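Notes to accompany the following structure.
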Amino acid sequence: MPKLVNPHGGGDLKPLLLSGEERVAELQRAQSMPKVRVSSREKGDIIMLGIGGFTPLDGFMTHADWQGVCDGMRTASGLFWPIPITLSTDAATAESIKAGGAIALVDPDSDDILATMQVSEKYRIDKSHECMTVFKTADPEHPGVRMVMDQGEVNLAGPIKVLSQGGFPEKYPELFMSPAQTRSIFESFGWSKVAAFQTRNPMHRSHEYLAKVAIEVCDGVLVHSLLGNLKPGDIPAEVRTEAIGTLIQRYFVEKTVLQAGYPLDMRYAGPREALLHALFRQNYGCSHLIVGRDHAGVGSYYGPFDAHHIFDQIPKGSLETQPLKIDWTFWCYECGGMASARTCPHPDEQRLLLSGTKLRKMLSEDAPVPAEFSRPEVLAILRKYYAGLEADQKVEVKLVGHSAR
Ligand SMILES: [Zn+2]
């Protein structure tokens, strides 16, 4: 029987989350350690390390790893890795921490201890070098660049022991899955060739089409939703995953698709993030990653197909998981169906093209959205969300007016 792809690095999954007595004992030890409050991005990385999504890393990267990853997408040991996974703190806190000592990493949302780290190294980085190599820009308007520029001045490296899942399993009981869990579900379905569909948006007809193209050539699709932080103004994970769940139930064949979520924040690193998306999907058991137009991009920092090309530029064998490169998709009135720029010969006037901004405007004004763009069940959920937002805003306006008097 064909098997699922191997975890990254070729060995077994390496979840760093402790359990049982071992966890209780480490939590006890952590109480007396110096505490470092982590950022939202670092929290996502810790949870991911905990569940084995970043196999085979054993913690946060050293200076040599950071340098190698920025310059050539390799850690010091030669492991393929496209984006630095680092932890930082301010200079004063770093001063009080000894290399060789242990620290406790604290959840920014709940003050719980997420993990402990054996600090092997403290180091400073050239932040603009990281931005220029990873994001291809140092423009402070780029949300990923801003994250790096705003982080602490000193990076702390070392192996970690993860003690908590940061509230994700409680908040998303059906969606939050570890790589071991998705692998076991794929095996129970008899899947070996699995495509991951990465999403941080609700799925409209074009996304449904991408997923179905993948189902035509694979055993199944993992619709994998980002549960960490996005840009302000994006649709929250709860609303998005409800809309996706309804779409799957109404328009997909049973056991051809699994919806799950993962805990990372978006970095918006475009092509390099597409590689990271493929890398951790390999750990989740996916042999393919659907890579559409401007994957993991933001604004106009990346060319529409840079994320396709980068898979041809990395050395062969860097990743087992391969891209399913798909062009821009849409409904074409002349073709009379869903099509892509590769299959439809007609001009833009025949194609139904709606920008995200235009769609948001239509939904919040309760204007009709063409059925060729999105399924009615999906639109109903999004309209309800936007209607709720409007009500909130009205209440706010009233309160301000009242207190002003
Ligand atoms: Zn056409």
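The values are calculated or read from the model by the stated rules, or taken from the named source; none is laboratory data. This one's a predicted model, so the numbers in the text were calculated from it and none came from an experiment. Don't worry about glycine lacking a Cβ; one is built from the backbone with ideal geometry, like all the others, and counts go over all protein chains shown.
Values for this structure:
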{"read-out": "Restricting region 183-204 to residues that are buried (at least 20 other Cβ atoms within 10 Å of the Cβ) and among the aromatic types (Phe, Trp, Tyr), the residue that is nearest to residue 262 (Cα to Cα)", "value": "197"}
{"read-out": "Lone qualifier among 306, 312 - being away from the ligand (no atom under 16 Å from the Cβ), among the charged types (D, E, K, R), over 21 Å from the mean Cα position of the chain (by Cα) and farther than 20 Å from residue 175 by Cα", "value": "312"}
{"read-out": "Residue in region 48-56 that is of a type in the set (S, T, N, Q), closer than 26 Å to residue 188 by Cβ and crowded, with 21+ Cβ neighbours inside 10 Å present", "value": "yes"}
{"read-out": "Region 334-349 residues that are in the same structural domain as residue 293 (by TED's automatic domain parsing), paired with ones that are assigned to a strand (DSSP E or B) and near the ligand (Cβ under 6 Å from one of its atoms) (beta carbon under 8 Å, 6 or more apart)", "value": "338/332; 339/332; 344/332; 346/332"}
{"read-out": "Residue check, residue 131 buried (at least 16 other Cβ atoms within 10 Å of the Cβ), closer than 30 Å to residue 300 by Cβ, touching a residue at least 12 places away in the same chain (Cβ under 8 Å) and in contact with a Pro (Cβ under 8 Å, 6 or more places away or on another chain)", "value": "no"}
{"read-out": "Residue tally, condition out of contact with any Ser or Thr (no Cβ under 8 Å at 6 or more places or on another chain) and touching a residue at least 60 places away in the same chain (Cβ under 8 Å), over region 1-30", "value": "6"}
{"read-out": "Test: residue in region 210-230 that is charged (D, E, K, R) and either touching an Asp or Glu at 6+ places or on another chain (Cβ under 7 Å) or more than 23 Å from residue 274 (Cβ to Cβ) (or both)", "value": "no"}
{"read-out": "Cross-chain or 6+ apart pairs with Cβ under 7 Å, region 39-67 first and on the phi > 0 side of the Ramachandran plot, then among the charged types (D, E, K, R) and at pLDDT 95 or above", "value": "52/14"}
{"read-out": "Residues (within 21 Å of residue 81 (Cβ to Cβ) and surrounded by fewer than 20 Cβ atoms within 10 Å (Cβ to Cβ)) located in region 277-307", "value": "297, 306"}
{"read-out": "Residue, nearest to the ligand (Cβ to nearest atom), within region 332-372, restricted to residues that are touching a His at 6+ places or on another chain (Cβ under 9 Å), modelled with pLDDT of 95 or more and closer than 22 Å to residue 294 by Cα", "value": "332"}
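Results for (1) under 11 Å from the mean Cα position of the chain (by Cα); (2) at pLDDT 95 or above; (3) polar (S, T, N, Q), shown as yes or no for each residue.
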position: 222; (1), (2), (3): no, yes, no
position: 227; (1), (2), (3): yes, no, no
position: 246; (1), (2), (3): no, yes, yes
position: 272; (1), (2), (3): no, yes, no
